[in-house]
Amino acid sequence: MIFDTRYYNKGVNKELGNIIRLSKADIKPTSQMLARAFYDNPLNLYAYPDVTEKDARLPYAYEFVMCYGLRYGQVHVTSQQLGGVAVWLPSDKFTMPFWGLLLSGAIWPALKMGKEAGQRMQHFSKYIEAKHKDLAPFNHWYLMLLGVDPKFQGRGFAGRLLRGMLSNIDEETYCATLKRTMSRMFLCISTLASR
């Protein structure tokens, strides 16, 4: 499906409450925060079985996601303290072509992630892409990543990040597709179904 991504940007530039957009300058500290938040995530344990390598390279995996998200989607944080982050992509940007990685700057952190870890994550990504194509063959926003710094967890940061964007998606009458990495399941929240 091809569609005009300018339509996607119509609603997301509205006020998101106290949620702000991530700046390029905050990519590295946010990557460090996400590495702490997802340190024991099963995908990260699979990608980096060696703890020393994981400690050194895991932040690059999140830097990769945020570079791509900033170029082709929306990256929101809870505040200047970078307590939580959400990366949203329009569905036509879900698959990451080489040129997209290059233009977004995501290719450089991808190379720093490590070859073996990159290959392991690519196996998972191919699985997710196939499921995504089967389960969500319609225009939607895809929540690629939602993470909260461990020291801020339990304070409603994730809910704030979701509510701001979902209210804008609701106004656009699009769906949001949320990914749960740990169980490899998709959950579609259709704003049309609630009408």
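Obtain the radius of gyration and the Kirkwood radius of the stretch 27-173 from its C-alpha atoms and give Rg over Rh.
Rounded to two decimals, Rg/Rh equals 0.95.
Taking θ = phi - 60°, what integer Hz values does the Karplus form 6.51 cos²θ - 1.76 cosθ + 1.60 yield along the stretch 79-84, in sequence order, with x for Gly and Pro?
5, 5, 6, 6, x, x
For M144, enumerate residues with amide H under 5 Å from its amide H, sequence gap 5+ or separate chain, H modeled in the peptide plane.
Here the answer is V87, W88, L89, since their amide H atoms fall under 5 Å of that of M144.
Sum up the charges of everything whose Cβ sits under 14 Å from the Cβ of E116, counting Lys and Arg as +1 and Asp and Glu as -1, but leave E116 out.
+3
Would you please state which residues of the stretch 39-79 a label at Q32 would reach in this model, taking the label point 7 Å out along Cα→Cβ and a backbone N cut-off of under 12 Å?
59
Along Cα→Cβ, 7 Å out, is where each label goes; now give me the distance between the ones at T52 and K151 in nm to one decimal.
2.8 nm
Computed from the coordinates by the stated procedures, all read-outs in this text should not be read as laboratory data. These numbers come from a predicted model, not from an experiment. A quick note on method: Cβ atoms are made from the backbone with ideal geometry, for glycine too, and the neighbour counts reach across all protein chains shown.
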